[in-house]
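Engineer: One structure, pasted below without further comment.
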Amino acid sequence: MQLYWGDIHNHCDISYGFGGLENALLAARGQLDFCAITGHATWHDIHDWRPEIDFLIGFHRRGFGRLAEQWAEVKATIERADQPGRFVTLQSYEAHSRQYGDHHVLSPSADLAIIEAPSPQALLAQVDVPAIIVPHHVAYVPGYRGIAWDSFDPQLSPIVEVYSKHGSGMSDDSPYPYLHTMGARDGRNTVRAGLAHGKRFGFAASTDHHAGYPGSYGDGRTAVLADALTREDIWSALLAARTYAVTGDRIACAFAVDDHPFGSQIQVGAHRHIHLAVHGCDALDRVTVFKNNRPWRVIGGHELGASQSGPYKVRIELGWGDKQGGYSWDAEARVSDGTILGIETCFRGQSVLAPTPDNDHPSDINALDNRILAQGNDTVAWHCITFKNPSTLHPATAALILEIDGDAKTCIEVLANGRSLRASVGELLAYSQGMHMDEWSSECVLLHRAVPRSALLCERDWYDDPETPCDAYDVEVRQHNLQMAWVSPIYCGSV
Ligand SMILES: [Zn+2]
């Protein structure tokens, strides 16, 4: 089986988001293998009208109405975008709830009907095609759009969205706290709390983007382990929770107990064989295997990275500056005395959280044409648009990660809009190097530090015995750049 990458919860102007549907599909195809585009559809317990929330209720209801009107057309467009072997699509819509928290319905069927119901159970009971319902931003305060773990049913929800633009819902001390106007992260509603209640489910992440840029870097992506890139195989992987969540970087993880991969629910005896292999995109800072919600094995970055030999990963990041309207880049990287083994894109769309009385955005808000233009054994050319960072703690940059086979003498030259920055791998093993495009407040190119293979890889095997009638093992990966992966638990019942 192979890893595939997707975004199964994100929005555009088919409901109350922004940006066109076709452009959203184009952005998704640019850096994902599979995608669902989600229409905001229902809210069964929306507040009774009060003047101070008139705007909020109004934009939700108008959005639901817009989706209902064009639902057949939306589904047909998403259906047409499905290309087995290249790009897989699924149908999706979202149901808000104060009582049960927000969920999105996912289905492989274009006959999926929009149904308004008082609970996730009641909703799926009326859906007559294959479907699951995925809780998201679970850690909001109970009764305030957070999950209700008491009524969570893993038969209906084999996976839970643990990370998105809202932040990480893994635990109340996880990086990426919730900062949206919807409020704080409540420990009783986190993913760890659900596992502690004995609920069994897999981990997923999606952007919850609201301006039509599925896969926008840093906002969440789901990895699935599937036989092939077909709707049938991606769907089977989601049902089996053969999934894991990443914040953005495509951290490759293999994790198994007695050869059963993440997401499995198995019966297994003593001396169970636990295998873990991680291949990061930046230096690994810490890899933690959790057993029954507690750290069981911890590998620190200081135990890795002894050898400075290749292959290397080198990140080329573009952005900064002060141009609100965006800065267009035409860039090329040339590698001498080395070979490009792989390229990963970290492109972002502009972010809009929700409508406000004074914001409106054109349907082409994220028609950025971010893409690889050409690539060879030692060159890659690309185009992207970046924007001024919205705050000093919130990046809006774009990057490419090159995997380069070579040695300390291998050189990387970046040509960007007529300027050139060149450094050897040997120099980049010691320091990152930046270059500005102009005088004050201008855009910048950053060649990140080169990361040798030994700092990217972590492979371990252990043997373990039962501790409880059903032991759950899961993995958290943290890189130096704070990009993370959360690998679905393997549930081991004792025989
Ligand atoms: Zn949503």
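The values are calculated or read from the model by the stated rules, or taken from the named source; none is laboratory data. These numbers were taken from a predicted model, which means no experiment stands behind them. With ideal geometry, Cβ positions are generated from the backbone for all residues, glycine too; neighbour counts draw on all protein chains shown. Calculation scope for accessible area: heavy atoms of the full protein, side chains included, ligands and nucleic acids excluded. Shrake-Rupley method; radii C 1.70, N 1.55, O 1.52, S 1.80 Å.
Engineer: Counting only residues 5 or more places away or on other chains, whose amide H sits under 5 Å from the amide H of W296 once H atoms are built in the peptide plane?
Structural biologist: Long-range HN contacts for W296: V289, F290, K291.
Engineer: Of V477, N359, V129, which is farthest along the charge dipole of the chain in the positive direction, counting Lys and Arg as +1 and Asp and Glu as -1 at C-beta?
Structural biologist: V477
Engineer: Rank by packing, highest mean first: peptides 194-206, 434-446, with packing defined as the count of other Cβ atoms within 10 Å averaged across residues. Please report the intermediate quantities before stating the final value.
Structural biologist: Numbers: 194-206: 22.2, 434-446: 14.6.
The peptides rank, most packed first, as 194-206, 434-446.
Engineer: Further question on the same structure: Cross-link candidates for K388: which lysines have Cα within less than 22 Å, leaving aside residues fewer than 8 places away along the same chain?
Structural biologist: Correct list for K388: K165, K323.
Engineer: Still on this structure, I have one more. Students often check this: by mean Cβ neighbours within 10 Å, which of 267-277, 114-124, 459-469 ranks highest, and how do the rest follow?
Structural biologist: Details: 267-277: 15.1, 114-124: 17.0, 459-469: 12.1.
My ranking of the peptides, most packed first, is 114-124, 267-277, 459-469.
Engineer: For the range 44-152, which semi-axes, largest first and in whole Å, follow from the square roots of 5 times the eigenvalues of its Cα gyration tensor? Walk me through the intermediate numbers first.
Structural biologist: Numbers: eigenvalues 140, 66, 31 Å².
The equivalent ellipsoid of the range 44-152 has semi-axes of 26, 18, 12 Å.
Engineer: A follow-up question, please. Return the sequence-ordered ³J(HN,Hα) values of the range 263-269 in whole Hz as given by the Karplus equation 6.51 cos²θ - 1.76 cosθ + 1.60 applied to θ = phi - 60°, using x for Gly and Pro.
Structural biologist: Result, rounded to whole Hz: x, 5, 10, 10, 9, 8, x.
Engineer: Suppose R0 equals 45 Å; then what is the FRET efficiency for D364 and W462 from their Cβ-Cβ distance, rounded to the nearest 0.05? Before the final figure, lay out each step's value.
Structural biologist: Details: r = 52 Å, r/R0 = 1.15.
The computed FRET efficiency comes out at 0.30.
Engineer: Would you list which aspartates and glutamates come within 19 Å of K199, measuring only between C-alpha atoms, while excluding same-chain residues fewer than 8 positions from it?
Structural biologist: D102, D150, D153, E161, D172, D186, E467, D471, D474, E476
Engineer: Ok, one more. Which of L318, L429, V224 sits closest to the plus end of the dipole of the chain, meaning its Cα is farthest towards the positive end, when Lys and Arg get +1 and Asp and Glu get -1 on the C-beta?
Structural biologist: The Cα lying farthest towards the positive end belongs to L429.
Engineer: Taking only protein heavy atoms into account and a 1.4 Å probe, give the accessible area per residue of the chain in Å². It would help to have the intermediate numbers written out before the result.
Structural biologist: Values: 19620 Å² over 495 residues.
Heavy-atom accessible area per residue stands at 40 Å².
Engineer: Could you check what % of the DSSP bridge pairs in the range 2-248 are antiparallel, to the nearest 5?
Structural biologist: Working: 22 of 37 bridges.
The antiparallel proportion sits near 60 percent.
Engineer: Multiply the residue separation of H44 and Y144 by 0.36 nm, subtract the distance between their alpha-carbon atoms, and state the gained length in nm to one decimal.
Structural biologist: Values: separation 100, 0.36 × 100 = 36.00 nm, distance 1.37 nm.
So the chain would gain 34.6 nm between H44 and Y144.
Engineer: What are the lysines whose alpha-carbon lies under 22 Å from the alpha-carbon of K313, with same-chain residues fewer than 8 places away excluded?
Structural biologist: By straight Cα distance, K313 reaches K409.
Engineer: A further question on this structure: Sort out for me the Cα centre separation of the range 163-213 from the range 351-371, rounded to whole Å.
Structural biologist: The range 163-213 and the range 351-371 have Cα centres separated by 24 Å.
Engineer: Restricting attention to the alpha-carbon atoms of the range 312-453, what are Rg (one decimal) and Dmax (integer), both in Å?
Structural biologist: 16.1, 56
Engineer: Same structure again: Work out the charge dipole of the range 224-297 with +1 on the Cβ of Lys and Arg and -1 on the Cβ of Asp and Glu about the Cα centre, then indicate which of V268, A254, Y244 is farthest towards its positive end.
Structural biologist: V268
Engineer: Dipole size in debye (nearest 20) for the range 92-189 around its Cα centre, Lys and Arg Cβ +1, Asp and Glu Cβ -1? Please report the intermediate quantities before stating the final value.
Structural biologist: Numbers: 5 positive and 11 negative charges, 55 e Å.
With only Lys, Arg, Asp and Glu charged at Cβ, the dipole is about 260 debye.
Engineer: Nothing charged except the Cβ atoms of Lys and Arg (+1) and of Asp and Glu (-1): what's the magnitude of the dipole of the chain about its Cα centre? Round to the nearest 20 debye.
Structural biologist: Working: 39 positive and 61 negative charges, 100 e Å.
In total the dipole reaches around 480 debye.
Engineer: Now a separate question. Remind me, relative contact order of the range 400-495 in percent, using alpha carbon pairs under 8 angstrom and six or more residues apart? Present the calculation step by step, with values, prior to reporting the outcome.
Structural biologist: Working: 104 pairs, mean separation 14.5, N = 96.
RCO, the range 400-495: 15 percent.
Engineer: What's the whole-number percent of alpha carbon pairs in the range 123-267 lying beyond 26 angstrom? All intermediate terms of the calculation are to be shown ahead of the outcome.
Structural biologist: Details: 2484 of 10440 pairs.
Summing the P(r) of the range 123-267 above 26 Å gives 24 percent of all pairs.
Engineer: Could you work out what % of the accessible surface of the range 196-277 is carbon and sulfur, using a 1.4 angstrom probe and leaving DNA, RNA and ligands out of the count? Don't skip to the answer; put the middle values down first.
Structural biologist: Details: 1100 of 2300 Å².
Of the solvent-accessible surface of the range 196-277, carbon and sulfur hold 48 percent.
Engineer: Between S391 and M435, what length comes free when the chain is fully extended (0.36 nm per residue of separation minus the Cα-Cα distance, one decimal in nm)? Please report the intermediate quantities before stating the final value.
Structural biologist: Details: separation 44, 0.36 × 44 = 15.84 nm, distance 2.09 nm.
Length difference between fully extended and current span is 13.7 nm.
Engineer: Quick one: what do you get for the range 2-248 if you divide its Cα Rg by 2.2 N^0.38 Å?
Structural biologist: 0.92
Engineer: Can you give the FRET efficiency for H271 and L341, using 1/(1 + (r/R0)^6), R0 = 30 Å, r = Cβ-Cβ distance, to the nearest 0.05?
Structural biologist: It comes out at approximately 0.20.
Engineer: Using packing as a proxy for protection, rank 317-324, 55-62 so that the peptide with the highest average count of other Cβ atoms within 10 Å comes first.
Structural biologist: On the way: 317-324: 18.1, 55-62: 14.9.
Top to bottom by mean Cβ count within 10 Å: 317-324, 55-62.
Engineer: Charges only on Cβ, +1 for Lys and Arg, -1 for Asp and Glu: so what's the dipole of the range 397-467 about the Cα centre, in debye to the nearest 20?
Structural biologist: On the way: 6 positive and 13 negative charges, 108 e Å.
Approximately 520 debye in magnitude.
Engineer: Let me ask something else. Would you kindly give the portion of the calculated P(r) for the chain that falls above 35 Å, as a percent of all Cα pairs? Don't skip to the end; give the middle numbers.
Structural biologist: Details: 39327 of 122265 pairs.
Of all Cα-Cα distances in the chain, 32 percent exceed 35 Å.
Engineer: While we're here: Please tell me the relative contact order of the range 2-248 in percent, rounded to the nearest whole number, where contacts are Cα pairs under 8 Å and at least six residues apart. Intermediate results must be reported in sequence, preceding the final value.
Structural biologist: Working: 625 pairs, mean separation 59.0, N = 247.
Answer for the range 2-248 is 24 percent.
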